[in-house]
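The values are calculated or read from the model by the stated rules, or taken from the named source; none is laboratory data. A quick note: this is a predicted structure, and the numbers were derived from the prediction, not measured. We place every Cβ from the backbone using ideal geometry, glycine too, and count neighbours over all the protein chains shown.
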Amino acid sequence: MEDVHIFEGKTTTEAIEKGLKELNVSKENVEIKVLEEENKRSFFSILTPRVVRVEMKLRNRPVREEKSKIEISELDFDKAKVNIQNFLNEWLQNLPTQGINYKLSIEGQYLLVDMDAEDLNYLIGYRGDVLNNLQDILSAVASRGIEHKVKVILNICGYKEKRKKDLEDLAEKLSKTVIRTRKNITLEPMTAYERKIIHSKLQNNSKVVTTSVGEEPYRKIVISLK
């Protein structure tokens, strides 16, 4: 399906500016087609409100997050585990919270690090910003001496499960708003993991579609009508 959006305005310029703002893209990133010209108004429509409709199609349409085609071998995952263990065993000793437990596991092509203890909110931060930074660091540590990057998912005190539920609830709420108002909604920048949650939640929705726009780390999701 082509990523096509329709926007309206009193003038062509207004309709285009409205579309660029809602899609959060520059003019170079879209193909624009005017569907209803300002000067093409019949005698019978002269008393009706002026409405110009433009069609915008995103170039290089970013489809739902694609899984990496590079597969990490079992041997490389074993190396990654050792790298993580060596790092955490030393790093955790320097934290103010003692007795932090962690568990490593493999899920698909991800190395999961599950950390638990009391009062670890300072390792989570606002909306998981500290956790996400730690996750990036652990990915770099895990990939040492390995040809391909090992993707790490860090979970602290069950935060990922709570965040997933919050994002799924948000996706459901915003999809209803898009259907009701017939206007696109652009979410705030999210990590690839969080964007995947939104995409997955709405992928079977018969009335809306989700796309990702922008560049990392400011990549965000747009929810629009199909």
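Residues are listed down the side, and each one gets a yes or a no for (1) surrounded by 13 or more Cβ atoms within 10 Å (Cβ to Cβ); (2) touching a residue at least 40 places away in the same chain (Cβ under 8 Å); (3) touching a helix residue (DSSP H, G or I) at 6+ places or on another chain (Cβ under 7 Å); (4) closer than 16 Å to Ile72 by Cβ:
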| position | (1), (2), (3), (4) |
| --- | --- |
| Glu90 | no, no, no, no |
| Gly99 | no, no, no, no |
| Glu107 | no, yes, no, yes |
| Ala117 | yes, yes, no, no |
| Ile124 | yes, no, yes, no |
| Arg127 | yes, no, no, no |
| Ala142 | yes, yes, yes, yes |
| Ile146 | yes, yes, yes, yes |
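Exactly one of these conditions fails for Asp76: (1) in a loop (DSSP other than H, G, I, E, B); (2) at pLDDT 85 or above. Give me its number.
(1)
Inspect all residues belonging to the stretch 114-126 and state whether any of them is part of a helix (DSSP H, G or I) and in contact with a Pro (Cβ under 9 Å, 6 or more places away or on another chain).
Yes.
Listed here are the residues, each with its yes/no results for (1) more than 28 Å from Ser73 (Cα to Cα); (2) in a helix (DSSP H, G or I); (3) not assigned by TED's automatic domain parsing to the domain that holds Tyr110.
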| residue | (1), (2), (3) |
| --- | --- |
| Ile153 | no, no, no |
| Glu168 | yes, yes, yes |
| Leu174 | yes, yes, yes |
| Thr177 | yes, yes, yes |
| His199 | no, yes, yes |
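Which one of Ser200, Ser212 is within 15 Å of the chain's Cα centre (by Cα) and touching a residue at least 60 places away in the same chain (Cβ under 8 Å)?
On inspection, the qualifying residue turns out to be Ser212.
Could you check the stretch 4-30 and list, in sequence order, the residues that are in contact (Cβ under 8 Å) with a residue 12 or more places away in the chain and in a loop (DSSP other than H, G, I, E, B)?
Lys10, Thr11, Asn24, Val25
Please find, within the stretch 126-177, the residue that is modelled with the highest pLDDT out of those that are touching a Phe, Trp or Tyr at 6+ places or on another chain (Cβ under 9 Å) and polar (S, T, N, Q).
Applying the filter and picking the extreme gives Gln135.
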